[in-house]
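K.L.:
Dropping the structure in here first, questions after.
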Amino acid sequence: MAEEETQALHCIGCGARLQTTEPQKAGYLPAATLAKMQADPDADLYCQRCFRLRHYNEVQDVELTDDDFLRLLTALGDSDALIVNVVDIFDFNGSVIPGLHRFVGDNPVILVGNKADVLPKSINPKKLTNWLTQAAHAQGLRPVATLLTSAKKGQQVDELLAMIEHYRNGRDVYVVGVTNTGKSTLINQIIRQLTGVRELITTSRFPGTTLDRIEIPLDDGQALIDTPGIIHHGQMAHYVDQRDLNLVAPTKPIRPKVYQLNPGQTIFLAGLARFDFVRGQRSGFTVYADNQLLLHRTKLVNADDFYARHVGELLQPPRAEQLPDFPPFVRFEFTPKVKSDLVFAGLGWIVIPAGQTVAGYAPKGVDVLLRKALI
């Protein structure tokens, strides 16, 4: 159905204007579904997100615009609530909410590092928790507690609920996070825990199911409030085709790959990033990225020409049809004094021995940064 034909139709669950063209936006439902609903005079008009919530207890993420983002953050500061901030451990910098600490006011924050299951088992969980807390401090955030989870596998959900109960002191709980952190998957796990996972629930009516919040009732009359995913424009996920999202959002434990490199060698991470060994002594460099991501080694002197000839083909993603809109690479050079990770936000990292001069390239807008080695 044409977009203009749906202008007067709104979802009775969340109030969003129904539309059939943008699945990731509010009010979406397939055109055929809308036509079927309109053919039945007794049918209730629900968007796909609200339909799945009502019938399957399943929350789907909806992206916020920048204006919605500011409105949501302002509301957090005006409330008296516990804030649960979900971040992606694999992509902390791409999943942190810019300036969140300025908006939460005196409200306590629990930091939840999701997707712990994709990191190598060699990473010590306690060390990782400490690192995550320190990374939050560097962003100005002072969480009262930090917890590692795997929403996909339902790990640590009981611990999170106990932690929420401990810190909320009879208040509402807001769950916030950017898109692609697995926040909705975590919320779905919480819903299953709170409503009884063994019961086949075919209808659910959560109060306050509006465009910008879903309220999950708690025993004392307060609510756990899910908010839509906030768009972080620096995420690598925004620069890949939907068919390639698995390459920037690993779902299986990463198997590190070790390269013995001489100065003057380059590794391409598909066509999404580039690593140059500029100066130093022959060393081993360990790459942590999705197991299926293409890694291609070549000579630094030929790297520019190689990329120009093969991006979109051998070096894929990006796909050939994306190249006209794909941002140019930006170069960052580092010489770490201690063993460090060169991080390509949302794509992975490469462990750099101390004293080696290296350069990392990523699409303009995507962070390339150095941190103390996790492993």
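K.L.:
Assuming V112 fulfils every condition listed in (1) surrounded by fewer than 22 Cβ atoms within 10 Å (Cβ to Cβ); (2) outside any loop (DSSP other than H, G, I, E, B) apart from one, which condition is it?
P.N.:
The number of the failed condition is (1).
K.L.:
Let me ask another. Just checking, which of L148, L161 is of a type outside the set (S, T, Y), within 25 Å of A81 (Cα to Cα) and in contact (Cβ under 8 Å) with a residue 40 or more places away in the chain?
P.N.:
L148
K.L.:
Pairs under 9 Å by beta carbon, first residue more than 18 Å from V87 (Cα to Cα) and of a type in the set (G, A, S) in the stretch 220-231, partner modelled with pLDDT under 70 and assigned to a loop (DSSP other than H, G, I, E, B), six or more apart or different chains?
P.N.:
Cβ pairs passing all conditions: A223/F206; A223/P207; A223/G208.
K.L.:
Moving on. Across the stretch 219-269, which residue is modelled with the highest pLDDT among those that are in a helix (DSSP H, G or I) and farther than 20 Å from I89 by Cα?
P.N.:
Here the residue is R243.
K.L.:
Does the stretch 345-359 include one or more residues that are assigned to a strand (DSSP E or B), of a type outside the set (F, W, Y), under 29 Å from D241 (Cβ atoms) and at pLDDT below 95?
P.N.:
For the stretch 345-359, residues assigned to a strand (DSSP E or B), of a type outside the set (F, W, Y), under 29 Å from D241 (Cβ atoms) and at pLDDT below 95: present.
K.L.:
If you don't mind, another one. Return yes or no: is R142 outside any helix (DSSP H, G or I), among the basic types (K, R) and more than 26 Å from I254 (Cα to Cα)?
P.N.:
So R142 passes the test.
K.L.:
Can you tell me which residue within the stretch 309-328, out of those that are assigned to a helix (DSSP H, G or I) and of a type in the set (D, E, K, R), is surrounded by the most Cβ atoms within 10 Å (Cβ to Cβ)?
P.N.:
Looking at residues that are assigned to a helix (DSSP H, G or I) and of a type in the set (D, E, K, R), I get R309.
K.L.:
Just to verify a result, which residue in the stretch 115-134, among those that are of a type in the set (A, V, I, L, M, F, W, C) and within 16 Å of the chain's Cα centre (by Cα), is surrounded by the most Cβ atoms within 10 Å (Cβ to Cβ)?
P.N.:
Among those that are of a type in the set (A, V, I, L, M, F, W, C) and within 16 Å of the chain's Cα centre (by Cα), it is A116.
K.L.:
Which is touching a residue at least 40 places away in the same chain (Cβ under 8 Å), within 16 Å of Q260 (Cα to Cα) and outside the structural domain of V87 (by TED's automatic domain parsing), of P353, P318, P327, P363?
P.N.:
Just one listed residue meets the conditions, P353.
K.L.:
Hey, another quick one. Being among the hydrophobic types (A, V, I, L, M, F, W, C), assigned to a loop (DSSP other than H, G, I, E, B) and either outside the structural domain of L342 (by TED's automatic domain parsing) or surrounded by 20 or more Cβ atoms within 10 Å (Cβ to Cβ) (or both) is the filter here, so list the residues in the stretch 270-303 that pass it.
P.N.:
A270, L272, L293
K.L.:
Consider R331 against the criteria (1) touching a Ser or Thr at 6+ places or on another chain (Cβ under 9 Å); (2) surrounded by fewer than 16 Cβ atoms within 10 Å (Cβ to Cβ); (3) assigned to a strand (DSSP E or B): it satisfies all of them except one. Which criterion is unmet?
P.N.:
Answer for R331: the failing condition is (1).
K.L.:
Give all pairs with beta carbons closer than 8 Å in which a residue from the stretch 119-144 that is over 20 Å from Y167 (Cβ atoms) meets a residue that is among the hydroxyl-bearing types (S, T, Y); count only pairs at least 6 apart in sequence or on separate chains.
P.N.:
Short answer, once both residue conditions are applied: P120/Y288.
K.L.:
Follow-up. Among the listed residues G105, G77, G94, identify the single one that is modelled with pLDDT of 75 or more, in a loop (DSSP other than H, G, I, E, B), small (G, A, S) and not assigned by TED's automatic domain parsing to the domain that holds A345.
P.N.:
Every option except G105 fails the conditions.
K.L.:
Taking F306, is it buried (at least 16 other Cβ atoms within 10 Å of the Cβ), more than 29 Å from the chain's Cα centre (by Cα) and either modelled with pLDDT of 95 or more or within 18 Å of Y239 (Cα to Cα) (or both)?
P.N.:
Considered against the rule, which asks whether it is buried (at least 16 other Cβ atoms within 10 Å of the Cβ), more than 29 Å from the chain's Cα centre (by Cα) and either modelled with pLDDT of 95 or more or within 18 Å of Y239 (Cα to Cα) (or both), F306 comes out as yes.
The values are calculated or read from the model by the stated rules, or taken from the named source; none is laboratory data. These numbers come from a predicted model, not from an experiment. Here Cβ is always computed from backbone atoms with ideal geometry, including for glycine, and neighbour counts include all displayed protein chains.
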